[in-house]
Number of protein chains: 2
Amino acid sequence: MEFMYQDLPKIGLLGGGQLGRMLLQAGIDLDFQISCLDPDPEAPCQRLAHEFTQGSFQDFDTVYLFGQSQDLISIEIEHVNIDALEKLASEGKQVYPQPHLLRMIQDKRTQKQFFQQYGFPTADFRLIESREEINQHLDFLPAYQKLGKGGYDGKGVQLIADATQIAEGFDAPGLLEKAVDFEKELAVIVARNIHGEVKAFPAVEMVFHPVQNLVEFLISPAAISEEIEAQAVDIATRLIEEMKMVGLLAVEMFLTKDGQVLINEIAPRPHNSGHQTIRANATSQYEQHLRAIAGLPLGDTSTTVFAGMLNLLGEAGYTGKVKYEGLAEALAIPGVFPFLYGKKITKPFRKMGHVSIIGESREEVEEKANQVKKIIRVIS
Amino acid sequence: MEFMYQDLPKIGLLGGGQLGRMLLQAGIDLDFQISCLDPDPEAPCQRLAHEFTQGSFQDFDTVYLFGQSQDLISIEIEHVNIDALEKLASEGKQVYPQPHLLRMIQDKRTQKQFFQQYGFPTADFRLIESREEINQHLDFLPAYQKLGKGGYDGKGVQLIADATQIAEGFDAPGLLEKAVDFEKELAVIVARNIHGEVKAFPAVEMVFHPVQNLVEFLISPAAISEEIEAQAVDIATRLIEEMKMVGLLAVEMFLTKDGQVLINEIAPRPHNSGHQTIRANATSQYEQHLRAIAGLPLGDTSTTVFAGMLNLLGEAGYTGKVKYEGLAEALAIPGVFPFLYGKKITKPFRKMGHVSIIGESREEVEEKANQVKKIIRVIS
């Protein structure tokens, strides 16, 4: 169990967005050396990365070349070039999460098949190759149509209520998923290191924006029974163990009205549903990801407070150099902690930052969140 | 109370050591743009600063030039060129803490005179200009001789027990201070912003290393009565208000065996006695310093846990490229959070990092601290 300074791996991160930025921030504590690859020359990680490489994380040569100078390659976005990661792994580089798992997760169809194959509870689904094929599943409607690949941040998902809506469907490989009559949406973030140690964060509860389908408000811990909590944590734990994944896995779940916990989808990285862990939990999801991939013991995930998280989205109707209205007023509320991602340009519904909110009760957190929502505006 | 993105000042920080590094880390949340000036090309802030300028913060021209391109100049070390800061302030730059206060604090003699003049309790003292002059104060011995200027991290202080030890005294301007028969050493960190808002952190208790006189172990909150706590916080609050200082003030105090609280000395910046606030308090001292100097509302300083802090000092007998032995083992203990400052070379007793320790009771924190002390070794 001895650990020398020299043993900390030089990490190359595919992606340089806000998740990467918070990973870099957490990595300062143990003096991790983390470089980033991102196509945007003004990505949130640009100034903070050990080295910042401008380039596409979807391009084989770019990823392969970037990985050459690292000891360990990880991700903050899963839509990356897997072939290059496989080649790097075959040549002895550490790649966490493992490339074959990224490949499975990249496509929502193989995700669903994995859940099914290993007996994890998930909503019923049908695979389809095109818009046309929806017609063969009229008996299955109403259902959500999900694109297999490329969906992100609420994009690539839409409800097909009946045959009249098929014309608006995506014309690409994907799946139809039975709409779940759910009471709550939950998320459990779980980590596993190379030694097989697994630790889960307490379940949180998500509230989505009805139009953009982005997490709009999150509350921790979820208001669920101990039994449901145990069930959600058990599913996430068994899933990461079954996958033998090294890294951080965010498991989004539905709690149905009849008390079942179903897996919705998974993300193999720090996740929007874990931002509040920076202020609310003993160890943050970002530190946990670094501990997991670097082979260090996992940190204590417990929390002793109630926490909330609000995304700061660019307001509709504003595109241009960002301004944050009301920040000082929000900072005057005890337990309100805004995080700005350093993006220079705002666009409607672009994720520009978030606000973590700490309180002694759920009601206190909700009340502060409502205040903050009224105070802060992301405009140009 | 409206606050726009553009209003966040571009900050220039004199000093690029570990305190600066943790300021930069905290500044990521609100996307502060902070540049550093430090003579060491491998200073802990070198890679993280917005811009890093290698140069002396004690040289007039260097500081003046560095300050020209900033909106606001602050410090992470008080031994800086004040003349340059005064010139920058006179030309309209914001300089916090204010230069005249840095001048007063730079010299322990003027510090003591300030305490005396404004009626703050402090140990009795005599000003001296040279070693020779100690002979005129034989009636005052035993006493601690303190250098007026240049003392730092336990250097510049020594006990003169009696006339036979005068030959070992410092031959420079300074003071003799009556040794205080104290029960505990306390510290209160207090912040004040330009609007006059003042907030103090709860008092902490320090335990010094008997030889190097560096804080070796710190525990929060201090085990003192509510009355003593109120007295310590009141002294720190009145002091920063009397000074009209903008920024963070660390006030080190003695609790005497007869129940008096005396000011020992002060530092106008984040302080070793506040490292644990990163993990243990709602707002860290680093974030609070940034809020204070940038004119933002101050954050909640409360804590709901017990916390400890251990310095990681270079072990005697080792000089060279640093290695941290036992880090992984220490990370396996819940609530143990090492912070490494990114210094490449270790030397005996050099501050290389610290460990914050969180627990549910003082005993739990002390027990973990004793474990960590045995596990981690900073060698080469």
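Some observations on this one:
- Every condition in (1) within 22 Å of B:ALA330 (Cα to Cα); (2) open to solvent by 30 Å² or more (accessible area, probe 1.4 Å) is met by A:THR283 except one, and the failing one is (2).
- Single residue of B:ILE82, B:ILE28 found to be over 12 Å from B:GLY15 (Cα atoms) and within 14 Å of chain A (Cβ to nearest Cβ): B:ILE28
- Selection from segment A:99-117 of residues that are among the basic types (Lys, Arg) and in contact with a Pro (Cβ under 8 Å, 6 or more places away or on another chain): A:ARG109
- Flag if A:PHE208 is at pLDDT below 95, open to solvent by less than 60 Å² (accessible area, probe 1.4 Å) and not acidic (Asp, Glu): yes
- Filter pass, B:GLY174 being surrounded by 16 or more Cβ atoms within 10 Å (Cβ to Cβ), in contact with a Leu (Cβ under 8 Å, 6 or more places away or on another chain) and not polar (S, T, N, Q): yes
- If you go through segment B:213-244 and pick out every residue that is of a type in the set (Gly, Ala, Ser) and in contact with a Ser or Thr (Cβ under 8 Å, 6 or more places away or on another chain), you end up with 1.
- Residues (buried (at least 22 other Cβ atoms within 10 Å of the Cβ) and out of contact with any strand residue (DSSP E or B) (no Cβ under 8 Å at 6 or more places or on another chain)) located in segment A:31-69: A:PRO44, A:LEU48
Quick grid of which residues meet (1) assigned to a loop (DSSP other than H, G, I, E, B); (2) open to solvent by less than 30 Å² (accessible area, probe 1.4 Å); (3) over 30 Å from A:GLY12 (Cα atoms):
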| site | (1), (2), (3) |
| --- | --- |
| A:LEU296 | yes, yes, no |
| A:PRO334 | yes, no, yes |
| A:VAL365 | no, yes, yes |
| A:GLN371 | no, no, yes |
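- Which listed residue is assigned by TED's automatic domain parsing to the domain that holds A:ARG269 and farther than 25 Å from A:VAL261 by Cα, from A:ILE194, A:ILE189, A:ILE166: A:ILE194
- Within segment B:307-332, tally of residues that are in a loop (DSSP other than H, G, I, E, B) and facing another protein chain (nearest Cβ under 7 Å): 3
- Each residue in segment B:336-356 was checked for being more than 10 Å from chain A (Cβ to nearest Cβ), touching an Asp or Glu at 6+ places or on another chain (Cβ under 9 Å) and either part of a strand (DSSP E or B) or crowded, with 18+ Cβ neighbours inside 10 Å (or both), and 3 pass.
- Every test in (1) away from every other protein chain (no Cβ under 14 Å); (2) at pLDDT below 95 is passed by B:THR53 save one, and that test is (2).
- Where A:GLY359 falls short, out of the listed (1) out of contact with any Phe, Trp or Tyr (no Cβ under 6 Å at 6 or more places or on another chain); (2) farther than 21 Å from B:LEU8 by Cβ; (3) more than 9 Å from chain B (Cβ to nearest Cβ): (1)
- Flag if A:LYS178 is within 12 Å of A:VAL233 (Cβ to Cβ) and either of a type in the set (D, E, K, R) or not assigned by TED's automatic domain parsing to the domain that holds A:GLY247 (or both): no
- Test result for B:LEU262, surrounded by fewer than 22 Cβ atoms within 10 Å (Cβ to Cβ), touching a Ser or Thr at 6+ places or on another chain (Cβ under 9 Å) and hydrophobic (A, V, I, L, M, F, W, C): yes
- Number of the exception - A:LYS184 against (1) under 22 Å from A:ILE358 (Cα atoms); (2) among the basic types (Lys, Arg); (3) assigned to a helix (DSSP H, G or I): (3)
- Note on segment B:304-332: residues that are free of Cβ contacts under 8 Å to residues at least 12 places away in the same chain, open to solvent by 20 Å² or more (accessible area, probe 1.4 Å) and under 21 Å from A:LEU296 (Cα atoms) total 1.
- With respect to (1) of a type in the set (Asp, Glu); (2) more than 14 Å from every other protein chain (Cβ to nearest Cβ); (3) touching a strand residue (DSSP E or B) at 6+ places or on another chain (Cβ under 9 Å), the lone exception for A:GLU226 is condition (3).
- For the criterion of being surrounded by fewer than 24 Cβ atoms within 10 Å (Cβ to Cβ) and either at pLDDT 95 or above or not basic (Lys, Arg) (or both), B:HIS289 fails.
- Residue in segment B:41-49 that is within 14 Å of chain A (Cβ to nearest Cβ), among the small types (Gly, Ala, Ser) and farther than 23 Å from B:GLY151 by Cα present: yes
- Hey, B:GLU76 among the charged types (D, E, K, R) and touching a residue at least 24 places away in the same chain (Cβ under 8 Å) or not: yes
The values are calculated or read from the model by the stated rules, or taken from the named source; none is laboratory data. Nothing here was measured: the structure is a model prediction, and the numbers come from that model. Cβ: placed from backbone, ideal geometry, glycine included. Neighbour counts: every protein chain shown. Ligands, DNA and RNA are stripped out before the accessible areas are found, and what is left, the full protein with its side chains, is counted by its heavy atoms. Shrake-Rupley method; radii C 1.70, N 1.55, O 1.52, S 1.80 Å.
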